[in-house]
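Below is one structure; the comments refer to it alone.
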């Protein structure tokens, strides 16, 4: 369009043909209306899309907020669970240490008792050997005395 005047017919006494100019103006007006309508439509679509973007951004912000809330609650729950597990662990460890101490003490007592028992058994064995030896000696003496007194 820009400066296109070739299709206008010239008049003899100056100027252009009014019909051609009017047709051109009407064509320009129709194109302008067509572009205006398309522009208005695009502006309306842009407005709708902008509103949709704002709505979606709001939903995204809400979703992000909910995700952060869930994450915070999950971390709080995890922290509580870790604390509970730590308390349970500490209780079990204390109980185990106490049980270990008691068992060690009882084992030491049992070891002392076994040592004492071994000593007593060794002495008793020695005492039996002494008794047997004494009995054998008495028997031998009695047999010797009987042989002297009552010779066969």
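The numbers here are math on the coordinates, done by the rules we state, and not lab data. Since this is a predicted model, take the numbers as computed values, not measurements.
Sorted largest first, the principal axis extents computed over the alpha-carbon atoms of segment 45-100 equal 79, 9, 5 Å.
What number, in nm² with one decimal, is the all-direction average of the projected area of the convex hull of the alpha-carbon atoms of segment 65-152?
If you wrap the Cα atoms of segment 65-152 in a convex hull and average its projections, you get 9.2 nm².
Among [x] 70, 49, 26; [y] 196, 29, 20; [z] 53, 28, 24, only one was calculated for this model; which label is it, if the read-out is Cα extents along the principal axes in Å? Label of the calculated value: [y].
Compared with the dominant Cα axis of the chain, that is its longest principal axis, helix 18-149 is turned about 0°. Comparing 75, 131, 56 in a Gaussian network model of the chain where C-alpha atoms under 10 Å apart are linked, the largest mean-square fluctuation is found at 131.
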